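In what follows, a single structure is set out as structure tokens and then discussed.
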Amino acid sequence: MNIAIVKYNAGNIYSVVNALKRLGIDPLLTDNPEELRRADKVLFPGQGEARGAMDYLRQRGLDQVIRQLTQPVLGICIGQQLLCRHSEEGDTDCIGVFDSPVMRFRPHSHADKVPAMGWNRIGQLKSKLMEGLTAADGTDPYVYFVHSYYVPLCEHTIATADYILPYSAALNKDNFYATQFHPEKSGDTGERILENFIKL
């Protein structure tokens, strides 16, 4: 299977490469539009800052390429945020696959640390991306988050999390999927999500 990872100026891409290699897949890391279009699946991961990332993507026409992809696409962390309409981070217009804003966490108390870092449960799981994640006793799984911005609950939400307020932990619209958390850092649960994506 030909799986491509979008190469751009956002960190943490190599942890996704390594996670896929553990599943027996050697992904192609590329910013070449034709290689992205030819891939069977495309991952759009990263950690970073929205405005700088969007500037980089626009300068290379990759924002249009990503928006027009027809195969399964998985955005991860800032990849999810950049697939949305607009981010409060740098007042940035994004790719616009999901017609949702990206908002900054606003602490309600001293205990509310931003960025939100660490393990948190996800619930209200929907879609094939989330199949097989709920434990036999019905408990929701833990996954690993690092983020200061979030996508509010919306019609495309396929998993929720709660930190300061309920928000979208994962999204799906047509062939586009996205997770705010890091599957590649989320142990067996994250590995199952990547396997589910590969099988889509």
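The values are calculated or read from the model by the stated rules, or taken from the named source; none is laboratory data. From a predicted model like this one, the values you see are computed outputs, not experimental measurements. Note that each Cβ is placed from the backbone with ideal geometry, even for glycine, and that neighbours are counted across all protein chains shown. Quick note on the areas: whole protein, heavy atoms, side chains included, nothing else; ligands and nucleic acids left out. Shrake-Rupley method; radii C 1.70, N 1.55, O 1.52, S 1.80 Å.
Data for the structure
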read-out: Unique residue being outside any strand (DSSP E or B), touching a helix residue (DSSP H, G or I) at 6+ places or on another chain (Cβ under 6 Å) and either at pLDDT below 95 or hydrophobic (A, V, I, L, M, F, W, C) (or both) when the list is LEU129, LEU125; value: LEU129
read-out: Flag for GLU131 being touching a residue at least 40 places away in the same chain (Cβ under 8 Å), charged (D, E, K, R) and buried (at least 21 other Cβ atoms within 10 Å of the Cβ); value: no
read-out: Residues of region 7-39 satisfying the condition of being over 22 Å from GLN59 (Cβ atoms) and either touching a helix residue (DSSP H, G or I) at 6+ places or on another chain (Cβ under 9 Å) or among the hydrophobic types (A, V, I, L, M, F, W, C) (or both); value: SER15, VAL16, VAL17, ASN18, ALA19, LEU20, ARG22, LEU23, ILE25, ASP26, PRO27
read-out: Among residues of region 96-122, those that are part of a strand (DSSP E or B) and either basic (Lys, Arg) or open to solvent by 70 Å² or more (accessible area, probe 1.4 Å) (or both), counted; value: 5
read-out: Residue ID - nearest to ARG85 (Cα to Cα), chosen from residues in region 11-43 that are free of Cβ contacts under 8 Å to residues at least 40 places away in the same chain and open to solvent by less than 30 Å² (accessible area, probe 1.4 Å); value: VAL42
read-out: Residue, nearest to GLY46 (Cα to Cα), within region 68-87, restricted to residues that are surrounded by 15 or more Cβ atoms within 10 Å (Cβ to Cβ), in contact (Cβ under 8 Å) with a residue 60 or more places away in the chain and more than 14 Å from the chain's Cα centre (by Cα); value: SER87
read-out: Lone qualifier among VAL42, VAL16 - being part of a helix (DSSP H, G or I) and among the aliphatic types (A, V, I, L, M); value: VAL16
read-out: Residues of region 44-58 satisfying the condition of being touching a helix residue (DSSP H, G or I) at 6+ places or on another chain (Cβ under 7 Å), open to solvent by 10 Å² or more (accessible area, probe 1.4 Å) and small (Gly, Ala, Ser); value: GLY48
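So that you can scan it fast, the table gives a plain yes or no per residue for (1) buried (at least 16 other Cβ atoms within 10 Å of the Cβ); (2) out of contact with any helix residue (DSSP H, G or I) (no Cβ under 7 Å at 6 or more places or on another chain):
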residue	(1), (2)
PRO141	yes, no
PHE145	yes, yes
PRO152	no, yes
THR157	yes, yes
PHE181	yes, yes
SER186	yes, yes
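Residues checked against (1) more than 16 Å from CYS77 (Cα to Cα); (2) touching a strand residue (DSSP E or B) at 6+ places or on another chain (Cβ under 9 Å); (3) without any contact (Cβ under 8 Å) to a residue 40 or more places away in the chain:
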{"residue": "THR157", "(1), (2), (3)": "no, yes, yes"}
{"residue": "ILE164", "(1), (2), (3)": "yes, yes, no"}
{"residue": "GLN180", "(1), (2), (3)": "no, yes, no"}
{"residue": "LYS185", "(1), (2), (3)": "no, yes, no"}
{"residue": "ASP188", "(1), (2), (3)": "yes, no, yes"}
{"residue": "ARG192", "(1), (2), (3)": "yes, no, no"}
{"residue": "GLU195", "(1), (2), (3)": "yes, no, no"}
